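*Asks:* Quick one: the structure is below, and I'll ask about it shortly.
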Amino acid sequence: MPVKKRASLGRSTSAARRMAATRAAEDSEDTRIRLDGQRARQAASRAAESPEQRQGRREEDRARHAATRGAEDPIQRRTRSEDQRRRQAASRAAQWTFMEGEAFRYDPANNYDTHPQLYIGQMSDVCPYCNALKWHAETRGMCCSGGKVKLPELQPPPEPLKSLIGPTSFEALRTVNGQICATFREACQLHGLLEDDQQWDATMSEAAAAQSPARLRNLLALILVVCGPSNPKQLWESYKESLTEDILRNARRQNPGMNLDYTPDMFNQALIIIENKVLEMGGKELEKLELPTPQRNSGDRLNSAMLR
């Protein structure tokens, strides 16, 4: 009996080595064409099978797989299972078969409407209880539990919030009663959206009656840095004479024969002292706190102004 020659399909044959070299030299397009051809040939071959041939092929496949898995050691079995899970996850992600429950993991970066396997549809149904729009065949009771939940009607927004809904530009936001404000803070103050400075005004008034101007300046600097009053300039204008009282007193003491009163240069000197304290506490200049910027080179003008 002649010896039946085995087909040259083993991994160690020259034909297998040539095939491996050929596939290694393929680019992505060649690989795609080859795989498409293999799938077409396999589909044609299986379509030509009889039921008996198909059953025999499947039994051979099952026996071969069982023998292969029976020969695996634990490490090979674990590696095969991990590879299978990765391929399955990649396949499901590519086909979007994981869409069940995706609404609870909604990602706004995904464009769900463009996927061919997903149909969103229109919200054409109306709930008979709360008039909410619903999708066709949507689960009942998702909006108001079949009329058991009563939601209050939306009330119109209160003033002045309602008047802020309409502006279409930044200049319109700064316009109050036809007047264009210089800053957004001023506009908010006119709308009544910011707290007033009554507590800081009362604090300064009480301190002005009992404390020295130096301590009053310390208090104002502390309020400016820590408390953030809504209208610092108004505080300064209200108490600038009390804040400058010791400067006027020193000028009168140095010039006893002259009838001196408060001058802009005296107020400037007080602003310099306040700004020094604010810089020491918070590292900010008075200009950033919406207060007048003191002139630092006016020391000589102060004496000349007091002598006039």
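*Asks:* If you plug each phi of segment 277-291 into the Karplus form 6.51 cos²θ - 1.76 cosθ + 1.60 with θ = phi - 60°, what whole-Hz ³J(HN,Hα) values come out, in order, with x for Gly and Pro?
*Replies:* Using θ = phi - 60°, the values come out as 5, 5, 5, 5, 7, x, x, 10, 8, 5, 4, 6, 9, 6, 10 Hz.
*Asks:* Using θ = phi - 60° and the Karplus curve 6.51 cos²θ - 1.76 cosθ + 1.60, what whole-Hz ³J(HN,Hα) does each residue of segment 58-72 get, with Gly and Pro shown as x?
*Replies:* 5, 5, 5, 4, 5, 5, 5, 5, 5, 5, 5, 6, x, 8, 6
*Asks:* What residues qualify as long-range amide H neighbours of Thr175, i.e. H under 5 Å apart, gap of 5 or more or another chain, H built at 1.01 Å from N?
*Replies:* Cys181
*Asks:* Counting other C-beta atoms within 10 Å, which of Lys288, Lys277, Lys148 has the fewest, and how do the rest follow?
*Replies:* Ascending number of Cβ neighbours within 10 Å: Lys148, Lys288, Lys277.
*Asks:* Using the Karplus curve 6.51 cos²θ - 1.76 cosθ + 1.60 with θ = phi - 60°, work out ³J(HN,Hα) for each residue of segment 179-191 in order, rounded to whole Hz, and write x for Gly and Pro.
*Replies:* So the J values, rounded to whole Hz, are 9, 7, 7, 6, 9, 5, 4, 4, 5, 5, 5, 5, 6.
*Asks:* When ranked by the protection proxy of mean other Cβ atoms within 10 Å per residue, highest first, what sequence do the peptides 291-297, 54-60 form?
*Replies:* In decreasing order of mean packing, 291-297, 54-60 become 291-297, 54-60.
*Asks:* Mind sorting Val176, Val149 by how few other Cβ atoms lie within 10 Å of their own Cβ, fewest first?
*Replies:* Taking fewest neighbouring Cβ atoms as first place, the list is Val149, Val176.
*Asks:* Defining a contact as two alpha carbons under 8 Å apart and six or more residues distant in sequence, what relative contact order in percent does segment 198-307 show?
*Replies:* Reported as a whole number, the value is 28 percent.
*Asks:* Please order Trp236, Trp135 by the number of other Cβ within 10 Å, starting at the fewest.
*Replies:* Trp135, Trp236
*Asks:* For labels at Asn250 and Glu153 in the simple 7 Å Cα→Cβ model, what's the distance in nm?
*Replies:* Simple spin-label model gives 6.9 nm for this pair.
*Asks:* If the chain between Thr22 and Ser50 were fully stretched, how many nm would it gain, using 0.36 nm times the residue separation less the Cα-Cα distance?
*Replies:* Computed gain between Thr22 and Ser50 is 6.6 nm.
Since every read-out is calculated from the coordinates, none of them should be taken as a lab result. Predicted, not measured: the structure shown is a model, and the values here were computed from it. Every residue, glycine among them, receives a Cβ derived from its backbone with ideal geometry; neighbour counts consider all protein chains shown.
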